[in-house]
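The values are calculated or read from the model by the stated rules, or taken from the named source; none is laboratory data. All figures in this text were calculated on a predicted structure; none of them were measured in a lab. Methodologically, a virtual Cβ is constructed for each residue, glycine included, from the backbone with ideal geometry; neighbour enumeration extends over all protein chains shown.
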Amino acid sequence: MRLATATTALLALACAPPAGAAPKPRAPTIVVFSLTSTVADLAIMPDGTAAVCRVWYLDKDGTPHHVRSTGTADAHAARIVGLRPQTSYEYWASCGYSESTRGTFTTLPAPGPVPPLPQIVGIALTPGSAPKTFVATATFVAPGAVPTACWWEWSSKEGESYVPDHDIDCTGAGTTLSFRPIQSWLRFVMRNAAGQVTSTPVQLPK
């Protein structure tokens with residue numbers, strides 16, 4: 001078992017739309033070239049101009065998640081981990097202002113015993129460097145060397161649906177989120193290789 005932390009800085013940044021609408025480029029294409037019970041590897045051919053692409057995928061509950069791809073303007077690759085065994089997912093790529101057509105893939109059956117469920121110890125909030133910003137640190141235990149997906153979600157009010165905000169590497173140092181209103185709810189979520197999910201919420205103070 002290992003003890004790890006995921007840290008995210010909550011910055012009060014507003015996202016403004018672009019000043020002018022750019023011409024719509026050709027749509028990217030995406031294919032799944034490797035698939036296991038918990039991992040999908042995908043190849044993306046962007047529009048030739050986008051430096052960053054995202055691969056989006058929907059689970060059985062219709063909750064959207066995304067991972068960033070890596071590569072050049074002509075070829076990208078992306079890996080999705082922590083998928084549920086023997087489960088169908090809808091997926092597509094977005095590169096700049098263009099999107100690929102949507103497809104589906106089904107993960108393979110689980111090869112062996114179900115891995116342990118990750119355990120979230122808790123979430124600590126500390127003041128950020130800017131006014132009304134916070135640093136949230138989630139401490140968790142992920143037993144076993146299994147692919148595990150981790151991400152942050154948020155909700156504007158208690159009891160309302162959470163919106164996935166950012167997937168992170170469970171073994172990494174953390175990630176930076178954009179705007180978060182005070183008094184909203186933040187939730188850290190983990191999923192093991194069998195698709196089991198555990199989460200812990202916390203409310204941002206005034």
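Any residue in the stretch 56-75 that is within 14 Å of Gly96 (Cα to Cα) and free of Cβ contacts under 8 Å to residues at least 40 places away in the same chain sitting within a Cβ distance under 9 Å of a residue that is among the acidic types (Asp, Glu) and part of a loop (DSSP other than H, G, I, E, B)? List the pairs, counting only those 6 or more apart or interchain.
Ala73/Asp47
Among Ser94, Ser37, Ser69, which is the only one that is within 18 Å of the chain's Cα centre (by Cα), surrounded by 14 or more Cβ atoms within 10 Å (Cβ to Cβ) and under 22 Å from Ala193 (Cα atoms)?
On the way: Ser94 fails: under 22 Å from Ala193 (Cα atoms); Ser37 fails: within 18 Å of the chain's Cα centre (by Cα).
The unique qualifying residue is Ser69.
Given the residues Val31, Val55, which is the only one that is at pLDDT 80 or above, surrounded by 14 or more Cβ atoms within 10 Å (Cβ to Cβ) and either in contact with a strand residue (DSSP E or B) (Cβ under 9 Å, 6 or more places away or on another chain) or under 30 Å from Ile123 (Cβ atoms) (or both)? Write out each step before concluding.
On the way: Val31 fails: surrounded by 14 or more Cβ atoms within 10 Å (Cβ to Cβ).
Every option except Val55 fails the conditions.
Filter the stretch 99-124 for residues that are assigned to a loop (DSSP other than H, G, I, E, B) and β-branched (Val, Ile, Thr); which is surrounded by the most Cβ atoms within 10 Å (Cβ to Cβ)? Steps first, answer last, please.
Going through the stretch 99-124, the residues assigned to a loop (DSSP other than H, G, I, E, B) turn out to be 100-102, 107-118.
Within this subset, residues satisfying the condition of being β-branched (Val, Ile, Thr) are 101, 107, 114.
Working: Thr101: 10, Thr107: 20, Val114: 13.
Checked the stretch 99-124; the qualifying residue surrounded by the most Cβ atoms within 10 Å (Cβ to Cβ) is Thr107.
Restricting to the stretch 125-142, give me the number of residues that are of a type in the set (S, T, N, Q), surrounded by 14 or more Cβ atoms within 10 Å (Cβ to Cβ) and either free of Cβ contacts under 8 Å to residues at least 24 places away in the same chain or under 14 Å from Val202 (Cβ atoms) (or both).
Residues flagged as of a type in the set (S, T, N, Q), surrounded by 14 or more Cβ atoms within 10 Å (Cβ to Cβ) and either free of Cβ contacts under 8 Å to residues at least 24 places away in the same chain or under 14 Å from Val202 (Cβ atoms) (or both) within the stretch 125-142 amount to 2.
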